[in-house]
1. Is it true that some residue in region 114-131 is in a helix (DSSP H, G or I), in contact (Cβ under 8 Å) with a residue 40 or more places away in the chain and open to solvent by 60 Å² or more (accessible area, probe 1.4 Å)?
2. If you check PHE99 against the conditions, is it open to solvent by 50 Å² or more (accessible area, probe 1.4 Å), closer than 15 Å to ASN25 by Cβ and at pLDDT below 85?
3. Say we look at region 31-78 and pick out the residues that are modelled with pLDDT under 95 and not in a helix (DSSP H, G or I); which of these is farthest from PHE131 (Cα to Cα)?
4. Hey, among VAL89, VAL85, which residue is open to solvent by 70 Å² or more (accessible area, probe 1.4 Å), aliphatic (A, V, I, L, M) and in contact (Cβ under 8 Å) with a residue 24 or more places away in the chain?
5. For region 61-76, does any single residue satisfy the condition of being open to solvent by 80 Å² or more (accessible area, probe 1.4 Å), more than 17 Å from TYR16 (Cα to Cα), under 14 Å from the mean Cα position of the chain (by Cα) and not β-branched (Val, Ile, Thr)?
6. Select, from THR17, THR41, the only residue that is open to solvent by 80 Å² or more (accessible area, probe 1.4 Å) and not hydrophobic (A, V, I, L, M, F, W, C).
Amino acid sequence: MRFRRNNKEKEVNGLYTILLLILSNVFMTLAWYGHLKLQETGTSSNWPLLGVIVFSWGIAFFEYCCQVPANRLGFVGNGGPFSLVQLKVVQECISLVVFCVIANIMFQGNHLHWNHILAFLLIICAVYLVFMK
């Protein structure tokens, strides 16, 4: 059953959505790239590919535990402040920011170049455009 929410509730849902998306993307980035760091340190060098997949899926479980509630809370059809397109663009932007932070912490030899920064600025422009009325 759908009901109207006041603006304060939408703002709170929007904040929870963003926080859950950040947490979700931390888990996602660790699931997708954490095994590479484990391999680099020698921890998982001898793991079979299936073992790496199961390890990553175990981390990804927690990603979904944050992602699904974030989308439900944030979606305008459930009383949240975001349209479906807005949710997706915000999620992608958060994903790239989280990836850059974690990649620079875990893989310190990788550096951002001018073209990476320009690409991120264009993504920010995409976020701006998707929120235009």
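1. Step one: filter region 114-131 for residues in a helix (DSSP H, G or I), giving 114-131.
Restricting the remaining residues to those that are in contact (Cβ under 8 Å) with a residue 40 or more places away in the chain gives 130-131.
Next, only the ones that are open to solvent by 60 Å² or more (accessible area, probe 1.4 Å) stay: 131.
Looking through region 114-131, at least one residue is in a helix (DSSP H, G or I), in contact (Cβ under 8 Å) with a residue 40 or more places away in the chain and open to solvent by 60 Å² or more (accessible area, probe 1.4 Å).
2. Against the criterion (open to solvent by 50 Å² or more (accessible area, probe 1.4 Å), closer than 15 Å to ASN25 by Cβ and at pLDDT below 85), PHE99 does not qualify.
3. Among those that are modelled with pLDDT under 95 and not in a helix (DSSP H, G or I), it is ASN46.
4. Only one candidate qualifies: VAL85.
5. Within region 61-76, one or more residues are open to solvent by 80 Å² or more (accessible area, probe 1.4 Å), more than 17 Å from TYR16 (Cα to Cα), under 14 Å from the mean Cα position of the chain (by Cα) and not β-branched (Val, Ile, Thr).
6. Numbers: THR17 fails: open to solvent by 80 Å² or more (accessible area, probe 1.4 Å).
Of the residues listed, the single one that is open to solvent by 80 Å² or more (accessible area, probe 1.4 Å) and not hydrophobic (A, V, I, L, M, F, W, C) is THR41.
The values are calculated or read from the model by the stated rules, or taken from the named source; none is laboratory data. It should be emphasised that the depicted structure is a prediction, and the values quoted were computed from it without experimental measurement. Here Cβ is always computed from backbone atoms with ideal geometry, including for glycine, and neighbour counts include all displayed protein chains. Side chains included, ligands, DNA and RNA excluded: accessible areas come from the protein's heavy atoms. Shrake-Rupley method; radii C 1.70, N 1.55, O 1.52, S 1.80 Å.
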